[in-house]
Every structure is written in C-alpha cells, then in structure tokens.
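The values are calculated or read from the model by the stated rules, or taken from the named source; none is laboratory data. Note that the structure is a prediction, hence the values are computed from the model and not measured. Cβ coordinates were reconstructed from backbone atoms using ideal geometry, including for glycine residues, and neighbour counts include every protein chain displayed. Remember, those area values only see protein heavy atoms, side chains included, never the ligands or the DNA or RNA. Shrake-Rupley method; radii C 1.70, N 1.55, O 1.52, S 1.80 Å.
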Amino acid sequence: MGIDRRRLFAAMAGAGAFGATSEARSMPAREAAPRAELDAVSLGLRPNAPDDQSQTLQRAIEQAAAARAVLRLPPGFYRAGALRLPPYSAISGVAGATRIVMAGGPSIMWASGSDHVTVTGLVLDGAGIPLPERRGLLHVAQGRSIRVADCEIVNSGRNGLTLESVEGEVTANTISGGDAAIFSNDARGLKIAGNTIRGAGNGGILVWRSAPGDDGTLIVDNRVEGVMNKAGGSGEWGNAINVFRADNVIVRGNRIRNAAFSAVRGNAASNLQIVGNTCTGLGEVALYAEFGFEGAVIANNIVDGAALGVSVTNFDKGGRLAVVQGNLIRNLVGRRPPGTDPNDSAGIGIGIEADTAVTGNVVENAPYAGIAAGWGAYLRDVAITSNVIRRADFGITVSVAPGAGAAVIADNMISDVRSGAIVGMEWKKPVTGDLSKDGAARFAQLSIAGNRVR
C-alpha cells in the first residue's frame, strides 16, 4: 500500500504537538507577567501640594485597579483620606519617602469585599485624628489575597491596621503608636510576619474571633516593644500578642520587650503554640494560656523579667491539656501590675493545673516558687520531670487540698531554695514539710522520686 504523504505529515505534526505538550507539563509553571504600572503624577496627583487630593487619588486608584495595574506614587507627601480600595487595587510608593497624611474620614484607606488588594512602600500618617471604635488607619474587611508590606503606619487615632475576615499577609511593616497596632478578627488564613511594633497604647498584635473556632493565623518573627495599658483592666489590654477564641494559632520566633502585661496571652484559644519567643520586661504573666482552652504547647521560649513566667490555668473554666517544655525562665518579681487582683500569685516560674507535662525547663530567681502545680482542688494529671530550679523560696509546690488530683514529680534538679524543695499546699498555705525528704506516702495521689536537692 502506498504512503499518503499528507497523512504522514499530519501524523508527524501530531507527534510533535504531543511531545511539546508532554514537555510543557513536565516544566514548572512560569511566573505571571509583572503587572503594568501607572504613574500617579500623570493622572493628576501633585507631590507636596498642601491641599486635599482625595478625589484625584481616588480616581487614580480606580483607574489603576480597572486596568489591573500598579499605581506608583513618587516620593513626597499627599493629603488624603477615606480612600476606597476596589478589587485589584495595588498602590506602591518609595518606602519611607511616600507619605499619605490623613485629611479626614473613618480611615485613610479602606476596603470591603475587595480581593487582590496590595499596599506597599507607603507611610500612612493618621495625624492623630480620632477614629471610630476598632477602626484602623488602614481598614480591610471581607477580602482575600490581601497584602500589606513594607509600610509605616504612624499617628493613628485608633488602630494601625484592622483586618476583618481577611486572608492574606502583613509583612515587614513598622507600626508606631495608636491603640492596637494590628487587630485581626475572624481571619480566614492570615500571616503576620516580620513586622516592627513600637509604643502601642493597648495591644501589639490582636488575633480575635467573634466565636471560638479555627483561625490558624501565623504570628512569626515580629518585634514588639513598649506596649502600654492605657485602657486599664486586669489583663485584657496591655499585651504584646493576644489570641482570643482563635484556635490553631502559631506564635513563633517573636522578640517581645517591655509590655505592661503579657508577652503572649492566649484566652480560650485551643491548640495554641507559643514557641521560640524571646520575652523580656513583662509586667505580669509572660506566657499565658487561660480560660476555656484545650491544648497548648509552650516550648523553647526565653523569659527574662516578669511577675510570672508561664501560666496554664483556669481548670475551673475548662482550661486544660498542655506541654510546657524547654523554656528558660529567670529574674521574676514578686508583684503584679497595679489594678490586678492582689491575691493572685506572683514570683512563680511555671504555674499549671490540669493534664499537663512540664519537662526540661530551667527556672532561676523565682521569689516564690520555681514550679507551682494546682490551685486548691484544681489539679489533675500533671507530670513535672527533668527540670532545673535554682534560687527560689519553694522549689516545687503541689496542691494537696481536698479534691486535688494526681501529680508525678520526678528527676528534677533543685538547688538553693529557702523554704523547701517540694512542698504541699492548701491554696496558698504550706501544709507539709519538704516532701523530697520525708516522702509523700500519706498522699496517694502523689508520686515523688529521683529528685536531686542541693
């Protein structure tokens, strides 16, 4: 049978196309082409003009978003406010040199229901103009693929940045002053990383939910300094990082210095990880898991200077289930901030209550106790093993009050304690001798063995 040349060429072409398709499938996907850019000056904006340029800048933002282009703002200052960011808004300036000064409105910039919004390289200056409750100088609600990066946010009359039901990332920004630096509520997949926060009035980074549930925000590698407590209260304000009703949040690698209350405070936040943070100069409990939570890992942190190092508490409210491991805690003080309950304990390295393993920690210079297990009847199933405790009044205290549950205290190194290495307590009252010496035979719920005291 003769060869049909047209069929042969068609078959060869098909084989070539198949090979090209297979090769394309095996190659990594190429990055999307860079977005086009629009110069804001060419659209009528005037750097360093003294008048309000809100309308001009709003038109430029909308024109760039419609074109899927980046709006470039050259160095200079621009007076504007109440700027709405539609979907695909992308505004970029020269970091530290492009300043938008608030001229009015509930926020300097805001978005609601807008996806794919990017704000980079801007200085947002709130000029101290008061904002509504929980409002941010930059305020974003109900958005996905939100990116705020390399910006400075200063002089806000409320929060620096407020995010409501947002997915995206907040990275490498500097936020100074205001009420809360970053406030997130009901996040949908958020990363807060590499930011510097200084001098917040009532909170550094707040990750909250309207009702308890999965959140999963990553709070990593931030620097938070000088958080105050202007609103008062007994600990709901004045924290460097506060996680409230938000489950599965990771707080890792942050440097926290000088907060009125806690470095990291988890309230009703289950499966919270507080890992590898360095925390100094705290007014109250440095690392806190409290109220109705189930599950916390507090590991490999450094705490130097606080009223209490680590607290895993409120078994009476359902707070339970934790690992406290590998932390270095030292130089605690025997007092709490003004306004807190004077009956609350201070000067404790680690305090725990229920279903918790405490292992491999080092505690030094605790005015009251290195480790305190239980509070009255609120003690259940704790293991305190292989810790080093130096220079404390009591090395380890354990509740032996009526109703208190089981504890294992084994293989710890305890040195230079003044009032006893291991002592049974009824609430705040010592009611036993040193259990490391005379044993705990009369307390069937306690297992005490292998501890070295010197």
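Here are some residues: 453, 362. Which one is among the aliphatic types (A, V, I, L, M), in contact with a Ser or Thr (Cβ under 7 Å, 6 or more places away or on another chain) and in contact (Cβ under 8 Å) with a residue 12 or more places away in the chain?
Being among the aliphatic types (A, V, I, L, M), in contact with a Ser or Thr (Cβ under 7 Å, 6 or more places away or on another chain) and in contact (Cβ under 8 Å) with a residue 12 or more places away in the chain holds for just one of 453, 362, which is 453.
Cβ-Cβ distance below 6 Å, separation of 6 or more or different chains: which pairs start in the range 88-101 with a residue that is under 17 Å from residue 117 (Cβ atoms) and end on one that is among the charged types (D, E, K, R)?
Matching pairs, first to second residue: 88/68; 92/72.
Does the range 231-251 include one or more residues that are surrounded by 24 or more Cβ atoms within 10 Å (Cβ to Cβ), farther than 25 Å from residue 317 by Cα, modelled with pLDDT of 95 or more and not hydroxyl-bearing (Ser, Thr, Tyr)?
No; the residues of the range 231-251 include none that is surrounded by 24 or more Cβ atoms within 10 Å (Cβ to Cβ), farther than 25 Å from residue 317 by Cα, modelled with pLDDT of 95 or more and not hydroxyl-bearing (Ser, Thr, Tyr).
Given the residues 326, 305, which is the only one that is over 14 Å from residue 359 (Cα atoms) and of a type in the set (Gly, Ala, Ser)?
Step by step, each of 326, 305 is checked, and only 305 is over 14 Å from residue 359 (Cα atoms) and of a type in the set (Gly, Ala, Ser).
Could you tell me which numbered condition residue 49 fails, if it satisfies all but one of (1) open to solvent by 20 Å² or more (accessible area, probe 1.4 Å); (2) assigned to a loop (DSSP other than H, G, I, E, B); (3) out of contact with any Phe, Trp or Tyr (no Cβ under 6 Å at 6 or more places or on another chain)?
Unmet condition: (1).
Kindly indicate whether any position in the range 71-79 is touching a residue at least 40 places away in the same chain (Cβ under 8 Å) and touching a Gly at 6+ places or on another chain (Cβ under 7 Å).
yes
If you scan the range 54-75, which residues turn out to be open to solvent by less than 10 Å² (accessible area, probe 1.4 Å) and in contact with a Phe, Trp or Tyr (Cβ under 7 Å, 6 or more places away or on another chain)?
Listed by number, the residues that qualify are 57, 65.
Could you look through the range 219-254, keep only residues that are of a type in the set (D, E, K, R) and under 11 Å from the mean Cα position of the chain (by Cα), and pick out the one that is nearest to residue 266 (Cα to Cα)?
Result: 252.
Just one of 441, 401 is at pLDDT below 95 and either outside any strand (DSSP E or B) or more than 30 Å from the chain's Cα centre (by Cα) (or both); which is it?
Within the list 441, 401, the selection yields 441.
When you scan the range 213-229, how many residues do you find that are acidic (Asp, Glu) and in contact with a Gly (Cβ under 7 Å, 6 or more places away or on another chain)?
Going through the range 213-229 one residue at a time, the tally reaches 1.
Select from the range 174-189 the residues that are surrounded by fewer than 24 Cβ atoms within 10 Å (Cβ to Cβ) and either in a strand (DSSP E or B) or aromatic (Phe, Trp, Tyr) (or both) and list them in ascending order.
174, 176, 185, 189
In contact (Cβ under 8 Å) with a residue 40 or more places away in the chain and under 20 Å from residue 363 (Cα atoms) - does that describe any residue in the range 262-281?
yes
Consider residue 216 against the criteria (1) outside any strand (DSSP E or B); (2) more than 13 Å from the chain's Cα centre (by Cα): it satisfies all of them except one. Which criterion is unmet?
Looking at each condition in turn, residue 216 falls short on (2).
Looking at the range 52-82 only, could you name the residues that are among the polar types (S, T, N, Q) and either closer than 18 Å to residue 143 by Cβ or not in a loop (DSSP other than H, G, I, E, B) (or both)?
Of everything in the range 52-82, those that are among the polar types (S, T, N, Q) and either closer than 18 Å to residue 143 by Cβ or not in a loop (DSSP other than H, G, I, E, B) (or both) turn out to be 54, 55, 56, 58, 63.
Residue under question is residue 134, and the condition is that it be open to solvent by 30 Å² or more (accessible area, probe 1.4 Å), in contact with a Leu (Cβ under 8 Å, 6 or more places away or on another chain), within 22 Å of residue 232 (Cβ to Cβ) and not polar (S, T, N, Q); does it hold?
Answer is no for this residue.
Do we find a residue being in a loop (DSSP other than H, G, I, E, B) and closer than 24 Å to residue 72 by Cβ anywhere in the range 134-152?
Within the range 134-152, one or more residues are in a loop (DSSP other than H, G, I, E, B) and closer than 24 Å to residue 72 by Cβ.
Any idea how many residues of the range 76-127 are open to solvent by less than 60 Å² (accessible area, probe 1.4 Å), within 26 Å of the chain's Cα centre (by Cα) and among the small types (Gly, Ala, Ser)?
7
Identify, from the list 264, 220, the residue that is open to solvent by less than 30 Å² (accessible area, probe 1.4 Å), farther than 17 Å from residue 289 by Cβ and in contact with a strand residue (DSSP E or B) (Cβ under 7 Å, 6 or more places away or on another chain).
220 is the lone residue from the list that is open to solvent by less than 30 Å² (accessible area, probe 1.4 Å), farther than 17 Å from residue 289 by Cβ and in contact with a strand residue (DSSP E or B) (Cβ under 7 Å, 6 or more places away or on another chain).
Of all residues in the range 366-388, which are open to solvent by 50 Å² or more (accessible area, probe 1.4 Å) and of a type in the set (S, T, N, Q)?
386
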